[in-house]
Amino acid sequence: MGAAKQVKAGSVLIGGGAPVSIQSMTNTDTRDVPATLDQIKRLSAAGCDLVRVSVYDRACAGAVRTLVDQSPVPLVADIHFDHTLAIASMENGIHKMRINPGNIGSAEKVRRVADCAKMHHVPIRIGVNAGSLEKDILAKYGGLTPQGMVDSALGHVKLLEEAGFDDIVISLKASDVPTTVAAYRLMHKVCDYPLHLGVTEAGLPGQGTVKSAIGIGALLLDGIGDTVRVSLTSDPVDEPRAALEILRALGLRKGIRFVSCPTCGRTQINVMGIAQRVTKEFADIDLPVTVAVMGCVVNGPGEARDADIALCGGKDCGELFIHGKPVKKLTGDLAEGFVQAVRAYLSSFAAK
């Protein structure tokens, strides 16, 4: 899956068969080191492998050293227009750059950035966004097109390659899912650089999560993509959680697989409440276990046969299944009883 070429951002490998990594971005004032570091740690705990921070002035670049020294994950500097901030960030230990060579000025400035990146072994992500394509490309294609996005990215790539640099990652993001997917598919055909996937400005959790899952998921199922960011208008911690669910759904990350039925008129237990409780309790567990909550005897036993541990509803009670076999009748607080049963199962599973 993914690109043939591989780059390294701190301890994280991107491309070349490495596992698909998860990224997000802080929304704190980068100059506020305690607040930014606190958010980085929260993002790491939620599943981030890499975290990006905005570097928009000298104070931000100066903060990079402390952030890098205390961060639990590699950091990426997001920089526009000012090549000196890119150089300062790399000299202060940043692990990866997000910068478009075409908007930082002359070929000499690009070469300075490339030389510094080579010296410090820092890969550079070229990030093309549909909302900021060059005017000549928009004119050439009569507006926004996937091919125009690819042309823009390749133009930036050429600037770095001419400066003797090829530790490159590429992203081509639009807020429109079909445009995003088409652009990445085109790029995948013409280069072997790692691709950073995402649907930009996807929106609030819910709609934005669905758009991201469709766009990112379609590409990963095609074998395209090496690192991902789910972009949501929300607490940044929601982004890696959503990304993790996408990767788990595709079988690219370990984690509990939760199965629950939509319920119907036959249901006589609180399936939604039980499923919510179990999901909340065990969302961070990375064991490859399937847990099912089913409402009645129609599909319940069948799903229970395929689950590692399952609860199938009856009349104000439930049957506990383990590896497809009924083992115990639960009554009373079914949510608590099933949580305790799952906890015990996971303890025995982890001990094997």
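Which numbered condition trips up Ser347, out of (1) out of contact with any helix residue (DSSP H, G or I) (no Cβ under 9 Å at 6 or more places or on another chain); (2) modelled with pLDDT under 85?
Result: Ser347 fails condition (2) only.
Among the residues of segment 122-151 satisfying the criterion of being within 21 Å of Asp166 (Cα to Cα) and free of Cβ contacts under 8 Å to residues at least 40 places away in the same chain, which is most open to solvent (accessible area, probe 1.4 Å)?
Once the filter is applied, the top-ranked residue is Asp151.
Residues being among the small types (Gly, Ala, Ser), assigned to a loop (DSSP other than H, G, I, E, B) and either at pLDDT 95 or above or crowded, with 23+ Cβ neighbours inside 10 Å (or both): count how many of those fall in segment 179-205. Explain how you work it out, then say what you get.
Filtering segment 179-205 down to residues among the small types (Gly, Ala, Ser) leaves 182-183, 198, 202-203.
Those still in the list that are assigned to a loop (DSSP other than H, G, I, E, B) too: 198, 202-203.
Narrowing the set further to residues that are either at pLDDT 95 or above or crowded, with 23+ Cβ neighbours inside 10 Å (or both) leaves 198, 202.
The total comes to 2.
Any residue in segment 102-121 that is open to solvent by less than 60 Å² (accessible area, probe 1.4 Å) and closer than 19 Å to Lys173 by Cβ?
Taking every residue of segment 102-121 in turn, at least one turns out to be open to solvent by less than 60 Å² (accessible area, probe 1.4 Å) and closer than 19 Å to Lys173 by Cβ.
Check every one of the strands (runs of 3 or more DSSP E) wholly within segment 248-352 and list those with 2 or more residues that are under 30 Å from Ser21 (Cβ atoms) and open to solvent by 50 Å² or more (accessible area, probe 1.4 Å). Spell out the reasoning first.
Values: elements: 257-260, 290-294, 309-313, 318-322, 325-330.
Of the strands (runs of 3 or more DSSP E) lying wholly inside segment 248-352, those with at least 2 residues that are under 30 Å from Ser21 (Cβ atoms) and open to solvent by 50 Å² or more (accessible area, probe 1.4 Å) span 257-260.
Of the numbered conditions (1) open to solvent by 50 Å² or more (accessible area, probe 1.4 Å); (2) in contact with a Leu (Cβ under 8 Å, 6 or more places away or on another chain); (3) not in a helix (DSSP H, G or I), Val228 fails exactly one; give the number of that condition.
(1)
For Lys325, state whether it is more than 19 Å from Gly255 (Cβ to Cβ) and in contact (Cβ under 8 Å) with a residue 12 or more places away in the chain. Reasoning before the result, please.
Numbers: more than 19 Å from Gly255 (Cβ to Cβ): yes; in contact (Cβ under 8 Å) with a residue 12 or more places away in the chain: no.
Criteria not met by Lys325.
Restricting to segment 85-95, name every residue that is at negative phi, in a loop (DSSP other than H, G, I, E, B) and either open to solvent by less than 10 Å² (accessible area, probe 1.4 Å) or free of Cβ contacts under 8 Å to residues at least 60 places away in the same chain (or both).
Once the filter is applied, which keeps residues that are at negative phi, in a loop (DSSP other than H, G, I, E, B) and either open to solvent by less than 10 Å² (accessible area, probe 1.4 Å) or free of Cβ contacts under 8 Å to residues at least 60 places away in the same chain (or both), segment 85-95 yields Asn92, Ile94.
Looking only at segment 27-54, count every residue that is under 18 Å from the mean Cα position of the chain (by Cα), buried (at least 23 other Cβ atoms within 10 Å of the Cβ) and farther than 21 Å from Leu195 by Cα and tell me the total.
2
For segment 55-65, enumerate the residues that are surrounded by fewer than 16 Cβ atoms within 10 Å (Cβ to Cβ) and among the basic types (Lys, Arg). Before the answer, list the steps.
Looking only at segment 55-65, we keep the residues that are surrounded by fewer than 16 Cβ atoms within 10 Å (Cβ to Cβ), and these are 57-59.
Within segment 55-65, just Arg58 meets the criteria.
Scan Asp151, Asp115, Asp166 and give me the residue that is farther than 28 Å from Val20 by Cβ, in contact with a Phe, Trp or Tyr (Cβ under 9 Å, 6 or more places away or on another chain) and either assigned to a helix (DSSP H, G or I) or at pLDDT below 95 (or both). Steps first, answer last, please.
Working: Asp151 fails: farther than 28 Å from Val20 by Cβ; Asp166 fails: farther than 28 Å from Val20 by Cβ.
Only one candidate passes the filter, namely Asp115.
For segment 66-84, which residues satisfy the criterion of being closer than 16 Å to Thr26 by Cβ and either open to solvent by less than 10 Å² (accessible area, probe 1.4 Å) or in contact with an Asp or Glu (Cβ under 9 Å, 6 or more places away or on another chain) (or both)?
Leu67, Val73, Pro74, Leu75, Val76, Ala77, Ile79
The values are calculated or read from the model by the stated rules, or taken from the named source; none is laboratory data. Everything numeric here is computed off the predicted structure, so don't read it as measured data. With ideal geometry, Cβ positions are generated from the backbone for all residues, glycine too; neighbour counts draw on all protein chains shown. We work out accessible area using only protein heavy atoms, side chains counted, and drop any ligands, DNA or RNA first. Shrake-Rupley method; radii C 1.70, N 1.55, O 1.52, S 1.80 Å.
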